[in-house]
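These notes concern the structure reproduced below.
The values are calculated or read from the model by the stated rules, or taken from the named source; none is laboratory data. None of the values given here were measured: they were computed from a predicted structure. Remember, those area values only see protein heavy atoms, side chains included, never the ligands or the DNA or RNA. Shrake-Rupley method; radii C 1.70, N 1.55, O 1.52, S 1.80 Å.
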Amino acid sequence: MTEPVILTLPQLQDALAYWQRALRLQDWDITLAIKRRNKWEGGTTSVASSDWHIRSRHGSIDILDPDDYEAEGFYEKQDMESSLVHELLHGLFHEDFIAVEKTGLQRDLFEAAIETTARALVRLKRQLAASEARQAG
């Protein structure tokens with residue numbers, strides 16, 4: 001990834017609707033916010049976080065505000081859509097669904113798999129859009 005992918009909240013909400021359909025999470029009520037670091041609970045250093053309530057089929061996703069991303073000095077460019085898909089995959093593969101609580105190395109490997117999958121899905125979506133644009137133009 002060479003350029004950051006920074007989205008407004010309405011653009012991120014459009015992406016959420018797309019990915020909910022793609023991942024078959026349309027029956028979930030998912031709230032989405034772009035938050036400044038000082039508004040996050042728990043002091044996380046992540047670029048996004050999510051909270052899932054399986055019984056009520058409700059989830060919330062927070063994406064780090066681009067101003068704070070820049071200030072944190074992350075080594076990769078921010079891609080808000082990839083962060084969104086990463087968190088949606090956490091909902092899809094939530095511990096309550098797969099009956100395994102992940103800790104230590106298992107958690108790290110799970111995070112790596114989620115991240116790789118999120119990036120691959122977003123890359124494929126963008127390649128398809130570019131291909132369709134070339135064919136139309």
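Once ligands and nucleic acids are excluded and a 1.4 Å probe is used, how much of Glu3 is accessible, expressed in Å² to the nearest 10?
Glu3 exposes around 120 Å² with every protein chain in place.
Quickly estimate the mean residue ellipticity at 222 nm for the chain, helices only: each DSSP H run with n ≥ 4 gives -39500 (n - 2.57), and the total goes over all residues, rounded to 500.
Value at 222 nm, helices only, nearest 500: -17000 deg cm²/dmol.
Give the label of the value calculated from the structure for Cα extents along the principal axes in Å, choosing from (i) 48, 35, 29; (ii) 44, 43, 25; (iii) 44, 43, 30.
Correct label is (i).
At a 1.4 Å probe radius, which order do Thr31, Thr45 fall into by accessible area, largest first?
Correct descending sequence by accessible area is Thr45, Thr31.
In the full protein assembly as shown, how much of Val5 is accessible to a 1.4 Å probe, in Å² to the nearest 10?
Counting only protein heavy atoms, the figure is 30 Å².
Report for the chain the percent antiparallel among DSSP-assigned beta bridges with both residues inside it, nearest 5.
Bridges in the chain that DSSP calls antiparallel: roughly 45 percent.
Could you tell me the extents of region 15-91's C-alpha atoms along the three principal axes, largest first, rounded to whole Å?
36, 24, 15
Give the relative contact order (percent, whole number) for the chain; include only Cα pairs under 8 Å separated by 6+ residues.
Normalised by residue count, the contact order of the chain is 25 percent.
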